[in-house]
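Undergrad: I'd like to ask you about the structure that follows.
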Amino acid sequence: MAIKVEEKQLTLLERLYVLEVVRGIALTTGHFFRNMAVHIARLFGLAKDKKGSTTFQYPEERRPLAPRLRTLHRLTRREDGAPRCVACMMCETVCPAHCISIVAGEHPNPLIEKYPTRFDIDLGLCVFCGYCVEACPEDAIRMDTGVLEFTSFSREGMVYDLNKLLARSETPKPNEESKVKTA
Amino acid sequence: MPTLTIDGQEVTVDAGTTVIQAAEQIGINIPRYCYHPGLSLAGRCRMCLVEIETFPNLQIACYTRAQDEMVVSTTSERVLSARQSMLEFLLSNHPLDCPVCDQSGECDLQNFYMDHGQYQSRFLENKVKKKKAFPIGPHVILDQERCILCTRCVRFTEEVSKSNELGVFNRGSRSVIDLYPTKSLDNPYSGNVIDICPVGALTEREFRFKCRVWYLASQESICTGCSRGCNISLDYNGSRRAYKAGGRRVMRIKPRYNPDINKWWICDEGRFGYGFIDTDRIETPMQRTTSDLEPSDWDPALARVAETVKAAYSEKGANGVGVIVSPQLSNEELLACRELFVEKMKLTNVAALNPWEEPGEADDFLRNADRNPNTKGVEDLGYSGDAKAVLEKAAEGEIEVLIIFRHNLADGEAGKLLEKAKFVVYVGTNWNATAERAHVVLPGATHAEKDGTFTNFEGRVQRFKQALLPIGDSRNDSQIISEMAAKLGYSLPASADEIFEAWKGISLDELSGSGSSVDPDTAVQA
Amino acid sequence: MEYAIDVGKVLFWFSSIMGLASILTWMERKQSAVMQDRIGANRADIFGFRILGLFHIIADSIKMFTKQDFVPAQGNRILHTVAPMIALFFALVGFAAVPFGGTYEIAGYTVSLQVLDLNVGLLFVFAMMSMGIYGFVLGGWASANNYALLGGLRASGQMISYEITMGATVIGTIMVYGTLSLQQMNIAQGELLFGWIPAWGILLQPLGCILFVTAALAETKRVPFDVPEGESEIIGYFVEYSGMRFGMFFLTDFIETVLAAVLTTTLFFGGWQVPYLYAGGFEFPWGGSFELPVVAVMLLQVGAFMAKVFTLCFIFLLIRWTLPRFRWDQLMRLGWTIMLPLSILNIVVTGVVLLIVGN
Ligand code: SF4
Ligand code: SF4
Ligand code: SF4
């Protein structure tokens, strides 16, 4: 059943438009002068606690990331520093972008058995769906690095291998606000 | 002939049939682990319990004979709850390491648990630890923790391979499958225990960690290891991009049930002998220009062959050209060769068999000494004489051009004769000494890359189907012959289907849905 | 010397317009940003100095001069090139008849701060404004692009509709001041009503003023009247323009804004008049006076004119960044069924009032 949306009827005054225009302009003008006052005050070193704009001045200033935000992948480590990943290929299988390629190898410890000798994610293909994280039975892959900048001048540069993915797991959270609770 | 009712369906079966078989006849698949149609009954796993009216207790369907007026239920409350409990029991000591298990994806524990699982674990005790992941033979790895002690593998070594390497040791929850002391699972049929193991306890060493099974696609084929012609499935990398599997395409071979030839089994040689499909292949036509073989194209290579053949033909007539076809070729390719070389060109020096070939091992089960899949086909199609006579003539210089299919004739006595041949054309799939010494090399396709039939030693014409595209620039041999014929001024069909139809009067698809055996005489009448 | 004065006038007037127009390109971004709690363009710097992003004007012009100059393959190359020039030319020419100061006797010379003193100045300005439309329509047509053509047609439709209102609106003003010469109008606005209220157009013609400003905004084709451009839907007549040719259209936009502000000032806000300031200095109605040299008077009046124009530009930008775009049918309805009858009503009422007052 379709939802019926009640249309709000405009009053005569609103329909005349002129008054509404004036009110609108009053609102924007208010913002203009308030913000301008703050800008000028800050120019003279006053009103440091106020901001004239909601903008983040990107490279210098960074926006706090939501804790659930999916960012650059990392592979977690065991206590001894080896990758947790057991090369089960659940992530490779579930990945809708087919951007993960894993080559499994025989681990000397028969209790671990299997580990990835190669683990490549082609971030140029990745759609950041997070399915790989969901699928992993070992909590071996996460997308909580808070790193959003990983551009490259070549396609090959977008392919992150095992070492690059593991490199992030020592210092996973450069941004305090994006801190993820670890169990 | 008892008539019984299973889940409301009536079925009449032969006397002595078990309930599990009777149910199968009407398409009801009762879950089972220990029961295998090719092995004796063990009744160990209790997974196939069914409810039969007038019996107070649930009965195992694999052991109970069908009787008149039996009323069987495979889906009653009691049956379902029994299956759930059995699974809970079987899994109580299971390590649940599906992520690292190669069986994952085709494991009966996973499959049945999806239908009859309890999902909420009630197990509080510690699991019994057993020995994990150790090789018990050249091809097989055993993980005792994953084993559910169905004893299929033990029964196989007792009854089928009759080599008695495996047994059950210890008691209760500590029972394990293991080798008898001093033994190793190295019988020529050891790979079959991998197939029959319903869980991931016995896995393949060759296939280990190479590929997850859900990436595999499968095609029906025929083993080319010997003249038995066992039915197989070629499992190849299907949905996974090839580069992720190191460029390898065929990942493993599994037996395909054929009651008349190999039943459920194949030998290890056939099972693991697929490496040649992806390694050391001749990928482009080659020509010897000055002294080296250099990559070339089909057109110039074939043109050169045709020119040389024509020159020899006009100089020495039908004696000037020699051809050695191979029992590795399919019937259709042999037919094409016969048509071109024997019927059209009327060559006198056409041979097929290699007298120097070393016979393989043979036994009274599957393996034959003749290691070619189509020797019978060669004979049936009227090829006679062996390579020796032809080679000798080539060495004497009587034969100007020698065309060799598949055979490696560069060793020993044959090699000495081949040395002296004036112009050698090699049509083959893999590099060998003969190819390296040839003047023109034409790359052919393996059985995984083409359609066709082989005739096994009993005279059964069996179909194999194309799974892959020919590697690199290589081509189906019947196409090569057809193009060579065109350059020589004849016209021959190129597709295996056409040739087969002209031969037998039925299309390849009619021969068999599955490549199962057909007596050649019946096929002609069909 | 006469020529020198003339050339000086032209140069001053031209550079003020161009300067204001280019500052507007920066102001538009900066002002809208501040209104919307943003920061706005602030990245262009020279040796690390950013001065509130003012360098973006320079950066923009460098960009426009160096960008690829694209002509669509199917388009008409000549018209495609000429169109923005036509638009820019007519927008600029209109200013000639507008006085930016009075007439002053300085050192024996009579300096009239008006480039072209026409007694039908108003008509001239209107005529030039109407000619500008050819630039837009031609640009749209020569691009061989359906959206561009649609934009050009919308522009012409809109211009025609609102020009009528605009013409009808100023009739009231003409009736009040009894002249078509813009200089005469400005002089007339220096008089006082009831002895102390400056006789500015906005007081004599309040309705006319609102209607005129609305119509003038529509003439500049800016939000809320930007259907010919409509960046979010059809992009408009300049969709196939790039580089400096686009730059000319872009500049025309701002010059038209300045023209609208200049006209509004001249017609309704006393032009260069400063209340109570006469040729000799201030003379307040409550007695008291303040002598000033002629040059000071001139500077004050020109400055007042510029300040008024600038303030109006600011208000126009405010409006532009506050209101949403009209739909095409709303635009037409507003023009033909509301503004036009109102402007005619304005004429009638003005006539009646004039009759009563005249008697
Ligand atoms: S985030 Fe999605 S697309 Fe990216 S690697 Fe993981 S599963 Fe693949
Ligand atoms: S799902 Fe986890 S454990 Fe499995 S391969 Fe991917 S990262 Fe490794
Ligand atoms: S190893 Fe496999 S086949 Fe053998 S008893 Fe265990 S589960 Fe059964």
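Undergrad: Using only Cα atoms, figure out Rg for region B:454-515 and give it as a multiple of 2.2 N^0.38 Å.
TA: Details: Rg = 13.5 Å, N = 62, 2.2 N^0.38 = 10.6 Å.
Cα Rg divided by the expected 2.2 N^0.38 Å: 1.28.
Undergrad: Then there is this: Along the charge dipole of region B:286-510, Cβ charges K/R +1 and D/E -1, which of B:Ala387, B:Pro300, B:Phe500 sits furthest on the positive end?
TA: Of the options given, the answer is B:Pro300.
Undergrad: Follow-up. Quick one: what Rg and Dmax do you get for region C:201-346 from the alpha carbons, in Å?
TA: That works out to 19.3, 62 Å for Rg and Dmax.
Undergrad: Follow-up. Mind listing which chymotrypsin sites (Phe, Trp or Tyr not before Pro) in region A:1-76 are in a DSSP loop and have 10 or fewer other Cβ atoms within 10 Å? Let's see the in-between values first.
TA: Numbers: sites: A:Tyr17, A:Phe32, A:Phe33, A:Phe44, A:Phe56; in loops: A:Tyr17, A:Phe44, A:Phe56.
Here the chymotrypsin sites (Phe, Trp or Tyr not before Pro) that fit, given the DSSP loop and packing criteria, are A:Phe44.
Undergrad: Another one. Lys/Arg Cβ at +1, Asp/Glu Cβ at -1, dipole of region B:170-305 taken about the Cα centre: which of B:Ile222, B:Pro181, B:Met251 is farthest positive-ward?
TA: B:Pro181
Undergrad: Over chain A, what is the relative contact order in whole percent, taking alpha-carbon pairs under 8 Å and six or more residues apart? Show your work: numbers first, answer last.
TA: On the way: 232 pairs, mean separation 41.9, N = 183.
Reported as a whole number, the value is 23 percent.
Undergrad: Ok, one more. Among C:Thr257, B:Thr290, C:Thr311, which comes first, then next, by fewest other beta-carbon atoms within 10 Å?
TA: On the way: C:Thr257 26, B:Thr290 5, C:Thr311 13.
Listed from fewest to most nearby Cβ atoms, that is B:Thr290, C:Thr311, C:Thr257.
Undergrad: Using only the C-alpha atoms of chain C, find the volume of their convex hull and express it per residue in Å³.
TA: Details: hull volume 58.8 nm³, N = 359.
Convex hull volume per residue, Cα atoms: 164 Å³.
Undergrad: Please arrange B:Ile222, C:Ile356, B:Ile399 by counting, for each residue, the other beta carbons lying within 10 Å of its beta carbon, fewest first.
TA: Working: B:Ile222 29, C:Ile356 8, B:Ile399 26.
So the residues, fewest neighbours to most, are C:Ile356, B:Ile399, B:Ile222.
Undergrad: Give the angle, between 0 and 90 degrees and rounded to the nearest 10, that separates the Cα long axis of helix B:298-316 from the longest principal axis of the Cα atoms of chain B.
TA: Taking Cα atoms only, the helix is inclined about 50 degrees.
Undergrad: Which of the GluC sites (Glu not before Pro) across region B:22-104 are loop residues per DSSP, with 11 or fewer other Cβ within 10 Å?
TA: Filter output for region B:22-104: B:Glu53, B:Glu69.
Undergrad: Which entries of B:Lys344/B:Lys376; A:Lys50/C:Lys63; B:Lys210/B:Lys450 have Cα-Cα distances beyond 32 Å here? Spell out each step's value before the answer.
TA: On the way: B:Lys344/B:Lys376 23 Å; A:Lys50/C:Lys63 35 Å; B:Lys210/B:Lys450 25 Å.
Pairs exceeding the cut-off: A:Lys50/C:Lys63.
Undergrad: Convex hull over the Cα atoms of chain B, averaged projected area in nm²? If you can, show how the numbers build up before the last one.
TA: On the way: hull surface 112.2 nm².
Mean orientational projected area (chain B, Cα hull): 28.1 nm².
Undergrad: Among the DSSP beta bridges whose two residues both lie in the protein assembly as shown, what percent are antiparallel, rounded to the nearest 5? Before the final figure, lay out the partial values.
TA: Numbers: 66 of 86 bridges.
Bridges in the protein assembly as shown that DSSP calls antiparallel: roughly 75 percent.
Undergrad: Can you give me the Cα centroid spacing of region B:166-183 and region B:294-328 in angstrom?
TA: Each part's Cα centre sits 62 Å from the other's.
Undergrad: List the GluC sites (Glu not before Pro) in region B:122-191 that DSSP assigns to loop (not H, G, I, E or B) and whose Cβ has at most 14 other Cβ atoms within 10 Å. Which are they?
TA: Working: sites: B:Glu125, B:Glu145, B:Glu158, B:Glu159, B:Glu165; in loops: B:Glu125, B:Glu145, B:Glu165.
Those that pass, being in a loop and sparsely packed, are B:Glu125.
Undergrad: Something else about it: Over chain B, what is the relative contact order in whole percent, taking alpha-carbon pairs under 8 Å and six or more residues apart? All intermediate terms of the calculation are to be shown ahead of the outcome.
TA: On the way: 1066 pairs, mean separation 55.8, N = 526.
Relative contact order comes out at 11 percent.
Undergrad: Separate question: If one takes the longest principal axis of the Cα atoms in chain B, at what angle in degrees, from 0 to 90 and to the nearest 10, does the Cα axis of helix B:77-91 lie?
TA: For helix B:77-91, the angle is close to 70 degrees.
Undergrad: Using the Kyte-Doolittle scale, which helices in chain C average at least -1.0 and also have C-alpha atoms spread 18 Å or more along the helix axis, with helices defined as whole DSSP H runs? Write down the numbers at each step before the final one.
TA: Values: long enough: C:2-35 (47 Å, 0.59); C:77-93 (25 Å, 1.86); C:121-142 (32 Å, 1.68); C:146-177 (46 Å, 0.76); C:206-219 (20 Å, 1.76); C:243-268 (37 Å, 1.30); C:294-320 (39 Å, 2.18); C:340-358 (26 Å, 2.43).
Both cut-offs are met by C:2-35, C:77-93, C:121-142, C:146-177, C:206-219, C:243-268, C:294-320, C:340-358.
Undergrad: What ranking of C:Ile39, C:Ile23 emerges when the number of other C-beta atoms within 10 Å of each C-beta is taken as an exposure proxy, fewest first?
TA: Numbers: C:Ile39 21, C:Ile23 17.
Listed from fewest to most nearby Cβ atoms, that is C:Ile23, C:Ile39.
Undergrad: Could you tell me the center-to-center distance, by alpha carbons, between region C:33-108 and region B:199-270 in angstrom?
TA: Each part reduced to its Cα centre gives a spacing of 73 Å.
Undergrad: Let me ask something else about it. Please state the relative contact order of region B:216-277 as a whole percent: Cα pairs under 8 Å, 6+ residues apart?
TA: Values: 107 pairs, mean separation 18.9, N = 62.
This gives 30 percent for region B:216-277.
Undergrad: Straight-line reach from C:Lys308: which lysines have a Cα under 29 Å away, not including same-chain ones fewer than 8 places off?
TA: Here the lysines satisfying the reach criterion relative to C:Lys308 are C:Lys9, C:Lys30, C:Lys221.
Undergrad: Sort by residue number and report every cysteine in chain B with no other cysteine beta carbon within a distance under 4.7 Å.
TA: When partners are defined as cysteine Cβ atoms under 4.7 Å apart, chain B leaves B:Cys48, B:Cys62, B:Cys98, B:Cys101, B:Cys107, B:Cys147, B:Cys153, B:Cys197, B:Cys211, B:Cys226, B:Cys267, B:Cys337 without one.
Undergrad: Per-residue ellipticity at 222 nm for the protein assembly as shown, helices alone: DSSP H runs ≥ 4 residues times -39500 (n - 2.57), over residue total, nearest 500 deg cm²/dmol?
TA: On the way: 33 runs with 403 residues, N = 1068.
The helix-only estimate for the protein assembly as shown comes to -12000 deg cm²/dmol at 222 nm.
Undergrad: What does the charge dipole of chain B about its Cα centre add up to, to the nearest 20 debye, if the Cβ of each Lys and Arg holds +1 and the Cβ of each Asp and Glu holds -1?
TA: On the way: 59 positive and 74 negative charges, 373 e Å.
Here the size comes out at about 1800 debye.
Undergrad: Same structure, new question: Distance between Cα centroids, region A:6-70 to region B:435-469: provide it in whole Å.
TA: 76 Å
Undergrad: I've got another one for you. If the limit is 32 Å between Cα atoms, which of A:Lys8/A:Lys48; A:Lys114/A:Lys164; A:Lys51/C:Lys67 go over it? Intermediate results must be reported in sequence, preceding the final value.
TA: On the way: A:Lys8/A:Lys48 42 Å; A:Lys114/A:Lys164 20 Å; A:Lys51/C:Lys67 37 Å.
Pairs exceeding 32 Å: A:Lys8/A:Lys48; A:Lys51/C:Lys67.
FYI, it's all coordinate maths here, none of it is from the lab. These numbers come from a predicted model, not from an experiment. Cβ sites come from the backbone with ideal geometry, for glycine too, and all protein chains shown count toward neighbours.
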